[in-house]
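Structure first, commentary second.
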Amino acid sequence: MRKQTLRFSLLLLLVNQLIQIPAQAQPDRWQQKIRYQINVNMDVTTNRFAGTEKIEYWNNSPDTLSRIFFHLYWNAFQPNSSMDVRSRELGKTVLREPSRGNDGLDWDARVKDRISKLSPDEIGYQRVKSVTINGVKQSLKEHETILEVVLAKPMMPRTKIAMDVEFEAQVPVQIRRSGRDNAEGIRYSMSQWYPKVVEYDYQGWNANPYIAREFYGVWGDFDVNITIDKDYFVAAGGDLLNAADIGKGYANTTPKPATNGKLTWKWQANNVHDFMWAADTNYKMITRTTANGPLVRVVYKAVDSLESRWQRVADTAAFAYPIIAKTFGPYPYKTYTFIQGGDGGMEYPMATLIKNASIGTAIHEWMHSWYQMMMGTNESLYPWMDEGFTDYATSRVMAEMRGRTGFAYDGTYRSYFNLAKSGFEEPASTHSDHYNTNFAYSAASYSKGAVFMEQLGYIIGDKVRDEVLLDYYYQWRFKHPNPNDFIRVAEKRSGMELDWYKEYWINSTKTIDYAVGNISTQNGKALLSIKRLGKMPMPIDVLVTYKDGTQEMHYIPLNLMYGAKPTESQIPRTTHEAWRWTHPEYQFPIQKNIQDIKSIEIDPSMRLADVNRGNNRLVIPD
Ligand SMILES: [Zn+2]
């Protein structure tokens, strides 16, 4: 099925659960479920709003819950918060010499020490006034950005509760991702804006104090009613239910008269794990339809000189969609919205906040709809599975859009090599909040994570890796896949054992370095040697080019794989006996003489992330 409505896939999910198909397509793991009904009333003069949430929460776990945690992200935007101090501490690490406006320090240039200087009117806060269950007020303990609700009555396994939450909030002056009055003059970038239930999964509560990094949420449905001054245009990751009352381009209608100068926008987003919106008095919206895909909306501040750039974002998104869908699977929601806002580019379900009309950023954020919005990975634990896979997908889609062939990941590999040689590298399995440096977090998550995917193509073959991408999508979307889940999909599709790849590449900082060794003669034929100098073992492709112009590929599988990849090119391939990982050197014979050889090259495809490529190629002088 290429196109499938969300409702239909939900039905399928339900049917599968009901009749218990023993298929591998439906992994057997429980997950919590939530339904939010949120009402907020924004005061655009004080930048504060009051809100209520009616939350239905299903405990599908086998555990009895005595407490429920909420995120209160905006409490991070206060002097001396964990986020403030964390940023200032990171600013003590010198990464490089200062240059061209860059101070060379490890802190995020957008945050630095700015939080410490916010006045009471500029800080952000979220205050939960009460949480009520069946009319009973629950006891609350606030831990800065985490609210602990101690349940008066424990929640039993496989039961549901309804919570009524009353809260108020102040929109912080633009700091990170969310806030008001950003550099481009957007009034409200409303992400992480409501008290959000922390995900409880097979690893327990994921109550990470917010320090500017990652997100993880409960799968569920959102109904969000936003009441705001009538002159504001609201954009959101969702569908507008009362478009006819609003008009403003969402429908060709005359808007309903305002009540007390305000309009209420009724939004809905189903089967998502977050909800973001933005509002400005000067927003303009353009739309594009996509081939068998969503309606794309682009909402931006109307500035004449930038108009053509935003039009290009919309055109590019429509052009890119079929390329994305064939490789990564279809987008299942009805709409996707690029919204100008925030302080860079940040992904949310069914929408993104981007500060300007950068095509690269737009594609990157849209690809997050696959990696994190549909595959709801735990970003705090596995940031490489969302940023890395997204980075990989972005390079790939951009190259295909521009009609480029050849290796599209040069920059990504360079960034990883830079990390590996920097002295700052930590395993990519490090909890994203707890890396020693922003630099190591970012290079490991984005670049090393992207290399993981491209290099997987080297190990199992690009064609098989592409089948894995679609298997992963169909088996794990709307769930919370972890690294092992991904590796198992790849193992099943490729028929190879791949646990070693994850253990070395993600859980360690060991590096790959192979070198062409000596050539000798055995029974009148040449005997080639390849040396493993790095600690990480890999299968090896060796291209031998002869003086007569002919070429042979020599393929040496790694013994840990218990398998071999299919032939990948027209060049005749010889598959040799597997290389045992313990052995630092491997020798194999060829059918010609030393004098016939022109060159010997390890991995001409460049997909092997060999940190020292200088010794990968040997050219024999005439
Ligand atoms: Zn990203």
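Taking the condition of being more than 30 Å from residue 281 (Cβ to Cβ) and away from the ligand (no atom under 16 Å from the Cβ), how many residues in segment 321-349 meet it?
Residues in segment 321-349 being more than 30 Å from residue 281 (Cβ to Cβ) and away from the ligand (no atom under 16 Å from the Cβ): 10 in total.
Just to be sure before I move on: is residue 96 at pLDDT below 95 and farther than 30 Å from residue 473 by Cα in the structure I sent? Spell out the reasoning first.
Numbers: at pLDDT below 95: yes; farther than 30 Å from residue 473 by Cα: yes.
In short, yes.
Does at least one position in segment 348-357 carry a residue that is surrounded by 24 or more Cβ atoms within 10 Å (Cβ to Cβ), in a helix (DSSP H, G or I), among the aliphatic types (A, V, I, L, M) and touching a residue at least 24 places away in the same chain (Cβ under 8 Å)?
Looking for residues that are surrounded by 24 or more Cβ atoms within 10 Å (Cβ to Cβ), in a helix (DSSP H, G or I), among the aliphatic types (A, V, I, L, M) and touching a residue at least 24 places away in the same chain (Cβ under 8 Å), one finds none in segment 348-357, hence no.
Filter segment 227-251 down to residues that are in contact (Cβ under 8 Å) with a residue 40 or more places away in the chain and over 29 Å from the mean Cα position of the chain (by Cα) and give me whichever is surrounded by the fewest Cβ atoms within 10 Å (Cβ to Cβ).
Among those that are in contact (Cβ under 8 Å) with a residue 40 or more places away in the chain and over 29 Å from the mean Cα position of the chain (by Cα), it is 231.
Please work out which one of (1) among the small types (Gly, Ala, Ser); (2) buried (at least 22 other Cβ atoms within 10 Å of the Cβ); (3) farther than 22 Å from residue 172 by Cβ; (4) within 16 Å of the ligand (Cβ to nearest atom) is the condition residue 269 fails and give its number.
Of the numbered conditions (1) among the small types (Gly, Ala, Ser); (2) buried (at least 22 other Cβ atoms within 10 Å of the Cβ); (3) farther than 22 Å from residue 172 by Cβ; (4) within 16 Å of the ligand (Cβ to nearest atom), the odd one out for residue 269 is (4).
Suppose the filter is farther than 26 Å from residue 384 by Cβ, in contact (Cβ under 8 Å) with a residue 24 or more places away in the chain and under 36 Å from the mean Cα position of the chain (by Cα); does residue 515 pass it?
The answer is yes for residue 515.
Out of the residues in segment 422-441 that are out of contact with any helix residue (DSSP H, G or I) (no Cβ under 8 Å at 6 or more places or on another chain) and without any contact (Cβ under 8 Å) to a residue 24 or more places away in the chain, state the one that is nearest to residue 541 (Cα to Cα).
Per the stated criteria, the residue is 423.
Conditions first: (1) surrounded by fewer than 23 Cβ atoms within 10 Å (Cβ to Cβ); (2) closer than 24 Å to residue 434 by Cα; (3) touching a strand residue (DSSP E or B) at 6+ places or on another chain (Cβ under 7 Å). Residue 380 passes all but one, so which condition is the exception?
Here residue 380 clears every test but (3).
Considering only residues that are assigned to a loop (DSSP other than H, G, I, E, B) and either in contact (Cβ under 8 Å) with a residue 12 or more places away in the chain or within 10 Å of the ligand (Cβ to nearest atom) (or both), which ones fall in segment 358-402?
Kept after step one, since they are assigned to a loop (DSSP other than H, G, I, E, B), are these residues of segment 358-402: 358, 368, 376-382, 402.
Those that are assigned to a loop (DSSP other than H, G, I, E, B) and either in contact (Cβ under 8 Å) with a residue 12 or more places away in the chain or within 10 Å of the ligand (Cβ to nearest atom) (or both): 358, 368, 376, 377, 378, 379, 380, 381, 382.
The values are calculated or read from the model by the stated rules, or taken from the named source; none is laboratory data. Treat the numbers as computed from the prediction; the structure is a model and nothing was measured. Note that we place each Cβ from the backbone using ideal geometry, even for glycine, and neighbour counts take in every protein chain shown.
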